[in-house]
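J.: Let me begin by handing over the structure; questions about it come next.
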Amino acid sequence: MKTLQLFFTFALLFTFINMQAQDDANSKKLVLKLYANGFYRYNESNDCERSLPANTIYKSEKKNYDFGNLSFAIELLNDRFFTHEFEFMPIKIKYNDEVELLTYTQLNQTLTISGCKSTSIETAFRYQLNYYFNNTKKVVPYIGLSPQLFYNYYKLNPATSSQFANTSQNIGINLAIVPSLLININNKFLFDFNIPLEFYEIKLNTINCKNPAIALEEQKKTKIEWQLIPKTINVRLGLVYKI
């Protein structure tokens, strides 16, 4: 219940600010942005799906790094300080093929000890309400408030019988405060540097693990997950063109 209250509080706040911004929509101009995105995320879990011996502690750590992904945005400017920005990240597809082998030269035998083939698909859409502290200087600080809708899909096919094929899907929304800096190159081109700081995320998570040792109806799990201040760092470096 507290989670829903917090979510609706931020939603109402965002709606109010958006209504205020619409009142300032005079002499609008269009700006095109191309962002290169960097990403780091850390996940830690003690949730083990298999039985463990007594006095055993399970811990899983995952670190994800990603650099250079492109996204495109348009921004509606006006003569005042509020602007509206719409950003779309095209579908991003990743494919990994990993394997670890042991070769016994005397026996002329090679064994696969671990490895997998994995495919991931991601896409996202962000709306961002920006407030510029000034709009005439060469270096212009501004701050944004943004909800982002995202979807990702992951499929893993293991190379050994000690693991099981599985798929996972996430669809959700995260809220972020975006401190930013705009640097004017000339009247048409600018650099845009910003760091979306996520403070809330909620998502629908579906996992399907094809483990023949458990019942078929238990192989698929769907749950709603939320996190306050996720351990996520995003960095965006943009090239801006004023039309």
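Matching residues to (1) in contact with an Asp or Glu (Cβ under 7 Å, 6 or more places away or on another chain); (2) closer than 26 Å to F88 by Cβ; (3) in contact (Cβ under 8 Å) with a residue 12 or more places away in the chain:
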position: S146; (1), (2), (3): no, yes, yes
position: Y154; (1), (2), (3): no, yes, yes
position: A159; (1), (2), (3): no, no, yes
position: P179; (1), (2), (3): no, yes, yes
position: N194; (1), (2), (3): no, yes, yes
position: L197; (1), (2), (3): no, yes, yes
position: E218; (1), (2), (3): no, no, no
position: K221; (1), (2), (3): no, no, yes
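J.: Considering only segment 172-190, how many residues are buried (at least 18 other Cβ atoms within 10 Å of the Cβ) and either among the hydroxyl-bearing types (S, T, Y) or over 25 Å from P147 (Cβ atoms) (or both)?
T.: Residues that pass the stated criteria total 1.
J.: Same structure again: Spot the failing condition for I214; the list is (1) within 18 Å of the chain's Cα centre (by Cα); (2) not in a strand (DSSP E or B), and only one is missed.
T.: (1)
J.: It is to be established whether one or more residues within segment 142-162 are touching a Leu at 6+ places or on another chain (Cβ under 8 Å), at negative phi and surrounded by fewer than 16 Cβ atoms within 10 Å (Cβ to Cβ).
T.: No - not one qualifying residue is present in segment 142-162.
J.: Considering only residues that are surrounded by 17 or more Cβ atoms within 10 Å (Cβ to Cβ) and under 22 Å from N157 (Cβ atoms), which ones fall in segment 191-243?
T.: C209
J.: Looking at segment 23-69 only, could you name the residues that are modelled with pLDDT of 75 or more, closer than 25 Å to F86 by Cβ and among the polar types (S, T, N, Q)?
T.: Those that are modelled with pLDDT of 75 or more, closer than 25 Å to F86 by Cβ and among the polar types (S, T, N, Q): N37, N69.
The values are calculated or read from the model by the stated rules, or taken from the named source; none is laboratory data. Predicted model, so just to flag it, every value in this text is computed and none were measured. Neighbour counts run over all protein chains shown; Cβ positions are idealised from the backbone, glycine included.
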